[in-house]
Amino acid sequence: MLLTQKKNGWQVELLDHGTSKYGLLSGDLLVSVDRNDASTFGPLVMAAFMDNASVRAFPIIVVRGGRRRELVLYTSDGKVPAPKTLGKKSSVASGAEAPEWDLPSLQGQMVSLKDHRGKWVLLNFWATWCLPCQEESPVLSKLALAYPQQLQVFAIAVQDEHKKLEDFAARMKPAYTVLESGDLKSEVAFSYGVNSGMGSATVPFSVLVRPDGTVAYVQGGYEAPSPLEKQISDFITEK
């Protein structure tokens, strides 16, 4: 099966022209995955969801023959995942209220999302063990420096070690604030859907929060050139 990124989702193509083990058909356009807008997913996040389908079932919406269809995605290997696994709902859909959090900085100071109402806030979930995350770091610094009055950038480290984070900050000298979320069982990992459900983190993962506290934009994965710069510029400078 081949997935091709389109403007409004991911196009499915079956290379053997048969039936996909995921229950998808050639020509399907995946527009929603686990109640998230699929058009915001990069290749890494999309691949992670397809891998997750072997152990977890989740709702998807496809456009098939011009009509939207609600389906359940899981790997059809003869064992249907338990129905209770279908109840997971992401809180970071566009327009939804961004989940609140209180997290420590590398210096031990507590930082809260609610303290930054009135400004745009970019949340970037990442880890030092994630190479694409490190490649994205200069983009985050560039954004923080480009909009110092309008935008606050937080890089929320997931499943990482304090010493490694300190070493990263000393080496990269980021223009943004690094926060620590703890392990994957932390509330912020669950509420933002960063916990992949397989004992691993879906990173990098970015969420742009409006000044009123609602989600404006969600982006999974990292690609060069990064679409974050243009997206955030468009949002912040919109009339």
Margin query: Among the residues of region 172-183, are any open to solvent by 70 Å² or more (accessible area, probe 1.4 Å), among the basic types (Lys, Arg), under 19 Å from Ala144 (Cα atoms) and over 19 Å from the mean Cα position of the chain (by Cα)?
Written below: yes
Note to self: Going residue by residue through region 146-153, is there one that turns out to be closer than 17 Å to Val188 by Cα and modelled with pLDDT under 95?
What the structure shows: no
Notebook entry, point to check: Identify, please: which residue in region 24-39 is within 18 Å of Gly193 (Cα to Cα) and not hydrophobic (A, V, I, L, M, F, W, C) and is, among those, least open to solvent (accessible area, probe 1.4 Å)?
Noted result: Asp34
Notebook entry, point to check: Under 8 Å by Cβ, and 6 or more places apart or on different chains, what pairs join a residue from region 92-119 that is free of Cβ contacts under 8 Å to residues at least 12 places away in the same chain with one that is surrounded by fewer than 12 Cβ atoms within 10 Å (Cβ to Cβ)?
Noted result: Asp102/Met110; Asp102/Ser112
Note to self: For region 60-70: of the residues being open to solvent by 30 Å² or more (accessible area, probe 1.4 Å) and not in a loop (DSSP other than H, G, I, E, B), which is modelled with the lowest pLDDT?
What the structure shows: Glu70
Notebook entry, point to check: When you look at Val218, is it buried (at least 16 other Cβ atoms within 10 Å of the Cβ), in contact with a Ser or Thr (Cβ under 9 Å, 6 or more places away or on another chain) and under 16 Å from Thr40 (Cα atoms), yes or no?
Noted result: yes
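Suppose the filter is part of a strand (DSSP E or B), buried (at least 20 other Cβ atoms within 10 Å of the Cβ) and touching a residue at least 40 places away in the same chain (Cβ under 8 Å); does Leu208 pass it?
Values: part of a strand (DSSP E or B): yes; buried (at least 20 other Cβ atoms within 10 Å of the Cβ): yes; touching a residue at least 40 places away in the same chain (Cβ under 8 Å): yes.
Spelling it out, Leu208 is indeed part of a strand (DSSP E or B), buried (at least 20 other Cβ atoms within 10 Å of the Cβ) and touching a residue at least 40 places away in the same chain (Cβ under 8 Å).
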Notebook entry, point to check: Here are Leu179, Leu122: which of them is over 26 Å from Asp34 (Cα atoms) and in contact (Cβ under 8 Å) with a residue 60 or more places away in the chain?
Noted result: Leu179
Notebook entry, point to check: So which residues in region 115-167 are within 23 Å of Gly193 (Cα to Cα), open to solvent by 70 Å² or more (accessible area, probe 1.4 Å) and outside any helix (DSSP H, G or I)?
Noted result: Arg117, Trp129, Gln159, Glu161
Item checked: Cross-chain or 6+ apart pairs with Cβ under 7 Å, region 32-48 first and over 14 Å from Tyr217 (Cβ atoms) and part of a loop (DSSP other than H, G, I, E, B), then modelled with pLDDT under 80 and of a type outside the set (Gly, Ala, Ser) -> Asp34/Phe49; Asp34/Phe58; Asp34/Pro59; Asp34/Lys88; Arg35/Pro59; Arg35/Lys89
Check: Does region 93-100 include one or more residues that are crowded, with 17+ Cβ neighbours inside 10 Å, at pLDDT below 90 and within 18 Å of Leu228 (Cβ to Cβ)?
Finding: no
Margin query: I'd like to know if region 215-230 contains one or more residues that are under 24 Å from Leu145 (Cβ atoms) and touching a Lys or Arg at 6+ places or on another chain (Cβ under 8 Å).
Written below: yes
Next item on the list: Inspect all residues belonging to region 183-205 and state whether any of them is modelled with pLDDT of 90 or more and either farther than 19 Å from Asp37 by Cβ or of a type in the set (Gly, Ala, Ser) (or both).
Entry: no
Next item on the list: Determine, yes or no, whether Leu73 is hydrophobic (A, V, I, L, M, F, W, C), open to solvent by less than 80 Å² (accessible area, probe 1.4 Å), modelled with pLDDT under 80 and farther than 25 Å from Phe205 by Cα.
Entry: no
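The values are calculated or read from the model by the stated rules, or taken from the named source; none is laboratory data. Note that the structure is a prediction, hence the values are computed from the model and not measured. Glycine gets a Cβ as well: all are built from the backbone with ideal geometry, and neighbour counts include every protein chain shown. Each accessible area value is taken on the protein alone, full model and side chains, heavy atoms only, with ligands, DNA and RNA left out. Shrake-Rupley method; radii C 1.70, N 1.55, O 1.52, S 1.80 Å.
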